[in-house]
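Visitor: This is the structure I have questions about; it appears just below.
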Amino acid sequence: CSKIQKEIGFIAESRFRTRATEVGLRTSTVDLDIHGYDFIVDNGSTLHKVQVKGSSKKQNDHRYKIICGQGVSSKRKYSEDAFDYLVVVIFEDEEVFYVIPRSEIKTLTINLYPHKKILQKPYIAGKWEKYKDNNLKLLKG
């Protein structure tokens, strides 16, 4: 993991924590990053384990490739119970948040197209589009 990737991850976690507080959620951090999640989120009735990923690197085809795995040199898929939700923060002209249930993630990588309207084939973004959620509604219950 490069220094820049670590910085992006740190900023994503910070922005998530700020956004969660803004929408009325309570967050607690995890001391060690060995459990597969970064935060416990309390919405007043339920606790959720949340893994946060960030990206500012857009591929040539306007997608953001997110590695949904853990490990330093070689990534391996998270276990089914590692976390409840993956929150992805995309940094571009404006921040875009995705809140994706763990149960929906079946592959090691996912491709996000936060600005799908600029694509010639907008249907390509469809699978993850429903999880674009700057208000973190899924975590609020």
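Visitor: Are any residues in the range 23-34 free of Cβ contacts under 8 Å to residues at least 60 places away in the same chain and either buried (at least 18 other Cβ atoms within 10 Å of the Cβ) or under 17 Å from PRO101 (Cα atoms) (or both), and if so, which ones? Let's see the steps before the verdict.
Guide: Taking the range 23-34 as the starting set, the residues that turn out to be free of Cβ contacts under 8 Å to residues at least 60 places away in the same chain are 26-34.
Listed by number, the list holds a single entry, THR27.
Visitor: Residues GLU94, GLU13: which one is within 16 Å of the chain's Cα centre (by Cα), exposed (fewer than 11 other Cβ atoms within 10 Å of the Cβ) and farther than 20 Å from LYS127 by Cα? Even if it seems obvious, please write down each step before you answer.
Guide: Working: GLU13 fails: exposed (fewer than 11 other Cβ atoms within 10 Å of the Cβ).
Within the list GLU94, GLU13, the selection yields GLU94.
Visitor: Could you say which residue among LYS6, LYS49, LYS53, LYS58 is surrounded by fewer than 12 Cβ atoms within 10 Å (Cβ to Cβ) and under 16 Å from the mean Cα position of the chain (by Cα)?
Guide: Working: LYS49 fails: surrounded by fewer than 12 Cβ atoms within 10 Å (Cβ to Cβ); LYS53 fails: surrounded by fewer than 12 Cβ atoms within 10 Å (Cβ to Cβ); LYS58 fails: surrounded by fewer than 12 Cβ atoms within 10 Å (Cβ to Cβ).
Exactly one of LYS6, LYS49, LYS53, LYS58 is surrounded by fewer than 12 Cβ atoms within 10 Å (Cβ to Cβ) and under 16 Å from the mean Cα position of the chain (by Cα), namely LYS6.
Visitor: What pairs can you find where one residue is in the range 110-139 and under 14 Å from TYR85 (Cβ atoms), the other is in a helix (DSSP H, G or I) and at pLDDT 90 or above, and their Cβ atoms are less than 8 Å apart, with a gap of 6+ or different chains?
Guide: So the pair list comes out as TYR131/GLU104; TYR131/LEU138; LEU136/ARG19; LEU136/ALA20; LEU139/ALA20.
Visitor: Follow-up. Please tell me if ILE40 is free of Cβ contacts under 8 Å to residues at least 40 places away in the same chain, of a type outside the set (D, E, K, R) and surrounded by 13 or more Cβ atoms within 10 Å (Cβ to Cβ). Break it down stepwise before answering.
Guide: Working: free of Cβ contacts under 8 Å to residues at least 40 places away in the same chain: yes; of a type outside the set (D, E, K, R): yes; surrounded by 13 or more Cβ atoms within 10 Å (Cβ to Cβ): yes.
So ILE40 fits the description; yes.
Visitor: List the residue pairs whose Cβ atoms are under 9 Å apart, where the first residue sits in the range 1-22 and is under 13 Å from VAL87 (Cα atoms), the second is modelled with pLDDT under 90 and loosely packed, with under 13 Cβ neighbours inside 10 Å, and the two are 6 or more positions apart or on different chains.
Guide: GLY9/CYS1
The values are calculated or read from the model by the stated rules, or taken from the named source; none is laboratory data. No experiment lies behind these values; they were computed from the predicted model shown. As a convention, Cβ positions derive from the backbone with ideal geometry for all residues, glycine included, and neighbour counts pool all protein chains shown.
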